[in-house]
Amino acid sequence: MEINLTTKIYVAGHRGLVGAALVRALQSQGYENLISRTRSELDLCRQGAVEDFFAKERPQVVLLAAAKVGGILANDSYPVDFLRDNLLIETNIIESAYRYGCQKLVFLGSSCIYPKLAPQPMQESHLLTGPLEPTNEWYAVAKIAGIKLCQAYRKQHGFDAISLMPTNLYGPGDNFDLQTSHVLPALIRKFHEAKVNQSPQVSVWGSGKPRREFLHVDDLADACLYLMQHYADQEIINIGWGEDVSIQQLAQLVADTVGYKGEVVFDTSKPDGTPRKLLDTSRLTQLGWQPKITLKKGLLDTYRWFTEHHG
Ligand code: GDP
């Protein structure tokens, strides 16, 4: 199917970090027939409500960015929410999209679907080759089920559903709540507050040794729209920056961005999670797409957003 600027596109999860970035990217590229629903308008965990919505609106393209998400502590504390809600959201949307004539569905997974000790950088073929990281296995199992659902609908019904696996994302609109956020927004908040309060120390969770790869969400949105137009196969595609940093290095970069001059201490009573998470993005590169926003620039951009909205 040709997707053009008047194609009716439903962005599920448009208020989240990824969904909001997708809407920004679609609008800036001139797509003019976008639909969305807030959580109070449409509860994606309820099958009947989702069916009614699709029967009425019949979107031609669905970008599935709705999910229950959170950092290492939230994942570990609310296993039912991370497993059940995500399974329901995926099943309801993918089934209704297929049933009501959608021509293309883009499903967003996560790099945590890969085994805890997968070889690095992680290739798409490493999926389901070993045990998962226990702190986020609930979310990972739900996302793996989503990938398999997309593959199953393609195999059984010829439905063009693709699955994209972003690395750790960050950017404007991120969750900065210290209990539930991911590391990058948490560190922005901690260093900012320490600067404002003139605290001598900032405490960073874990040993500082785990390595993570970070991609700005506007790069991710650009990649999603590119692949929406140019990719139609069952294999999952990694979307990453291509390089990682240690949490200690990240803490230093955030301190520099914020202008904090105090000491960084590591709280080893908190979990490290998986030791390293770096995606092999050679498939994506071969498909013709590359990221543009460096971590340094992206951190500045995200810090600016934080001070405007929470500062
Ligand atoms: P993960 O990539 O799924 O492990 O999720 P996170 O982004 O939550 O955590 C990444 C790493 O950053 C882990 O090793 C955390 O222990 C570490 N980290 C250090 N400080 C913080 C913090 O304040 N919040 C969070 N969420 N993680 C932190």
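A few comments on the model shown:
- DSSP-defined antiparallel bridges as percent of all bridges, the chain, nearest 5: 5 percent
- Spin-label model distance (nm) - His310 vs Arg46, 7 Å beyond Cα toward Cβ: 3.1 nm
- 3J(HN,Hα) from dihedral phi, the range 11-23, Karplus parametrisation 6.51/-1.76/1.60, rounded to Hz, x for glycine, proline: 9, 7, x, 5, 9, x, 3, 6, x, 5, 5, 4, 4
- Simple Cβ-charge dipole of the range 140-223, Lys/Arg +1 and Asp/Glu -1, about Cα centre, in debye nearest 20: 420 debye
- Bridge orientation summary for the range 195-311: considering DSSP beta bridges with both residues in this region, about 20 percent are antiparallel.
- Extension gain, Leu128 to Asp256: 0.36 nm times the residue separation minus the Cα-Cα distance gives 42.2 nm.
- 3J(HN,Hα) along the range 257-265, derived from phi through the Karplus expression 6.51 cos²θ - 1.76 cosθ + 1.60 where θ = phi - 60°, amounts to 4, 7, x, 9, 10, x, 9, 10, 10 Hz, with x in place of Gly and Pro.
- Cα-centred dipole magnitude for the range 104-182, charges only on beta-carbon of K, R (+1) and D, E (-1), debye, nearest 20: 380 debye
- In a reduced charge model with +1 at each Lys and Arg Cβ and -1 at each Asp and Glu Cβ, the chain shows a dipole moment near 80 debye about its Cα centre.
- When you work out D = kT/(6 pi eta Rh) for the chain at 25 °C and 0.890 mPa s, using the Kirkwood radius from C-alpha pairs as Rh and the Stokes-Einstein form, the result is 123 µm²/s.
- Sequence-distant residues sharing a close amide H with His14 (under 5 Å, placed H): Arg37
- Label-point separation in nm, Ser77 to Leu300, each point 7 Å along Cα→Cβ: 3.5 nm
- For the chain, calculated [θ]222 nm from helices alone, where every DSSP H run of n ≥ 4 adds -39500 (n - 2.57): -12500 deg cm²/dmol
- Under Karplus coefficients 6.51, -1.76 and 1.60, residue-wise ³J(HN,Hα) of the range 104-116 in Hz, glycine/proline x: 8, 10, 10, 9, 9, x, 6, 5, 6, 5, 7, x, 3
- Simple label model, 7 Å out from Cα along Cβ direction - Arg84 to Lys270, nm: 2.8 nm
- Distribution of pairwise C-alpha distances over the range 10-111, 10 Å bins, in %: 15, 48, 30, 7, 0
- Amide H partners (placed H, <5 Å) of Val202, local residues excluded: Glu263, Val264, Val265
- When the charge dipole of the range 148-305 is built from unit charges on Cβ atoms (+1 for Lys and Arg, -1 for Asp and Glu) and taken about the Cα centre, the candidate among Thr285, Phe159, Leu227 whose Cα reaches farthest toward its positive end is Thr285.
- Between the range 133-178 and the range 74-99, the Cα center-to-center distance that results, in Å: 10 Å
- In terms of its alpha-carbon gyration tensor, the range 250-306 comes out oblate; a/c meets the 1.5 threshold, while b/c is at least as large as a/b.
- Normalised by the number of residues in the chain, the average gap of Cα pairs under 8 Å and 6 or more apart makes the relative contact order 20 percent.
Since every read-out is calculated from the coordinates, none of them should be taken as a lab result. A quick note: this is a predicted structure, and the numbers were derived from the prediction, not measured. Heads up, the Cβs are rebuilt from the backbone with ideal geometry, glycines too, and the neighbour counts pull from every protein chain shown.
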